[in-house]
Amino acid sequence: MRITEARVIVTCPGRNFVTLKIVTDEGVTGVGDATLNGRELAVAAYLTEHVVPVLIGRDPARIEDTWQYLYQGAYWRRGPVTMSAIAAVDTALWDIKGKIAGLPVYQLLGGRSRAGVTVYAHAQAVSIESVLSEISSCVDLGYQAVRVQTGIPGLESTYGVSGQAFYEPASAALPAENVWSTAHYLDHVPRVFAAVRAEFGPTLRLLHDVHHRLTPIEAARLGRSLEPYHLTWMEDPVPAELQEGFRLIRQHTTTPIAVGEVFNSIWDCQELITGQLIDYIRTSVVHAGGITHLRRIFDLAALYHVRSGSHGATDLSPVCMAAALHVDLAIPNFGLQEYMRHTPETDEVFPHSYHFEDGYLHPGEEPGLGVDIDEELAGRYPYRPAALPVNRLQDGTVHSW
Ligand code: GCO
Ligand code: MG
């Protein structure tokens, strides 16, 4: 079997997505997500100009060889653009392998290790009162784990809170600007979780995303102040380029730490994992080199008591979500999977067999990944330039977003 064609499809059914579709001479096709929020066209160009030409004529069965060819062959290693492009190829090849074998991909990864994939929902609202009712709706839908974000009194806007049903960080064309105050934030967040625990009791799993905004000692203080409310995790407490920085947080708090949505390779988290400085690694199929490389990261993590917690925001397409669920179902050290529902338009463009039931997602039993792209429908939603926001301190200094 040979690869005869690879199409890069850019579409915007509510938000932008980049998808690679690989076609073989026997008619079997596979799909991979290549979406990099706010930088979509960079990956599309990388694929079109540098990857698609070397795929034509290759044997689609050689997944590992193709991965190494694209990684080592590029010479310029790692980085979100390169790794998202490699991920798309890798994911599509796993899809093809599953279809040829007549098996869902999780069976090729060793079979199921659990009945379903526990997912966490998002509850976000400006006030504490309204976030409690958002959490209540999540619980009614069957979710056992909820990420909680609220507005911060004294700040006009903040990460993760839109005040509307859908949270979408990317906005039209040029970046929006938010204003940030660590003092206001650190004062408010413990009040939020005190109210949530008082309302929902001790067993609902609660998560919070700091979105890289603190220093290690500030994160240590936050972790400590949240200890009475026993969170499942405190996410991205600090920017993680300095992996060593997590040692300081760790010395001061027992609040579990999750990190990794912006990581692209095992080298970005090697120190965090082997030093047991984190509890959950949140790398994703699309941004960390596909199923092949993500599995490598999770296997390393398993040796060090670190569990998975893959990123699953709406900018990761249903193709990525489907692939993530196959990995989640198979690995021994699964922790949690993020699940932010896509818009109905997105779900229509990407027909899929995964489904939600009682707090779990199930990938379904279709051969391959169980997801596809309706190219004709996708063509009706042309790309729209969109940018992620930037963040500034109250005095105007640029701060982590
Ligand atoms: C999350 C993330 C997202 C990111 C977004 C960027 O935990 O879901 O932090 O909200 O900000 O995916 O593209
Ligand atoms: Mg996050």
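The values are calculated or read from the model by the stated rules, or taken from the named source; none is laboratory data. Model, not experiment: these values are computed from the prediction. Backbone-built Cβ (ideal geometry, glycine too); neighbour counts: all protein chains shown. SASA here: full protein model, heavy atoms, side chains in, ligands and nucleic acids out. Shrake-Rupley method; radii C 1.70, N 1.55, O 1.52, S 1.80 Å.
Values computed for the structure shown
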{"read-out": "For the chain, convex hull volume per residue from C-alpha positions, Å³", "value": "129"}
{"read-out": "Ordering of 252-265, 53-66 by packing [mean C-beta count within 10 Å, highest first]", "value": "252-265, 53-66"}
{"read-out": "Pairs of Cα atoms farther than 24 Å apart, segment 160-259, %", "value": "28"}
{"read-out": "Alpha carbon Rg of segment 1-54, scaled by the compact-globule rule 2.2 N^0.38 Å", "value": "1.18"}
{"read-out": "Accessible carbon and sulfur surface of segment 193-234 relative to its total accessible area, %, 1.4 Å", "value": "56"}
{"read-out": "Cα long-axis angle, helix 318-330 against the chain (0 to 90 degrees, to the nearest 10)", "value": "80"}
{"read-out": "Cα gyration tensor, segment 305-383 - rounded (a/c under 1.5), prolate or oblate", "value": "prolate"}
{"read-out": "Modelled label reach - SER113, point 7 Å along Cα→Cβ, segment 326-358 residues with backbone N closer than 16 Å", "value": "326-338"}
{"read-out": "For a label point 7 Å along the Cα-to-beta-carbon line of GLN270, residues of segment 285-308 with backbone N under 20 Å", "value": "287-307"}
{"read-out": "For segment 152-161, 3J(HN,Hα) per residue [Karplus equation, 6.51 cos²θ - 1.76 cosθ + 1.60, θ = phi - 60°, Hz, x = Gly/Pro]", "value": "10, x, x, 10, 5, 8, 8, 4, x, 10"}
{"read-out": "Accessible surface, segment 3-104, averaged per residue in Å² (probe 1.4 Å)", "value": "38"}
{"read-out": "Helix 182-200 axis, angle to the chain major axis (alpha carbon atoms, nearest 10°)", "value": "90"}
{"read-out": "Segment 67-172: trypsin sites (Lys or Arg not before Pro) falling in loop per DSSP and having at most 13 other Cβ within 10 Å", "value": "ARG77, ARG114"}
{"read-out": "Residue-averaged 222 nm ellipticity for the chain, from DSSP H runs of 4+ at -39500 (n - 2.57), nearest 500", "value": "-10500 deg cm²/dmol"}
{"read-out": "Using θ = phi - 60° and Karplus 6.51 cos²θ - 1.76 cosθ + 1.60, couplings along segment 288-294 (whole Hz; Gly, Pro as x)", "value": "10, x, x, 4, 4, 7, 4"}
{"read-out": "Kirkwood Rh and Cα Rg combined as Rg over Rh, evaluated for segment 3-104", "value": "0.96"}
{"read-out": "Rg(Cα)/(2.2 N^0.38 Å) for segment 74-121, N = residue count", "value": "1.53"}
{"read-out": "Estimated inter-spin distance, ALA194 and LEU300, nm [label 7 Å along Cα→Cβ]", "value": "4.1"}
{"read-out": "Folded to 0 to 90 degrees: helix 80-101 orientation relative to the chain principal axis, Cα", "value": "60"}
{"read-out": "Cα centroid of segment 119-137 to Cα centroid of segment 158-230, whole Å", "value": "12"}
{"read-out": "Segment 251-346 pair-distance distribution - Cα-Cα, 5 Å bins, rounded %", "value": "3, 15, 27, 25, 15, 9, 4, 2, 0, 0"}
{"read-out": "Relative contact order of segment 108-365, pairs being alpha-carbon contacts under 8 Å that are 6 or more residues apart, as %", "value": "21"}
{"read-out": "Longest to shortest principal axis, alpha-carbon extents of segment 101-154, angstrom", "value": "56, 23, 16"}
{"read-out": "Spatial separation of Cα centroids for segment 96-112 and segment 325-397, in angstrom", "value": "20"}
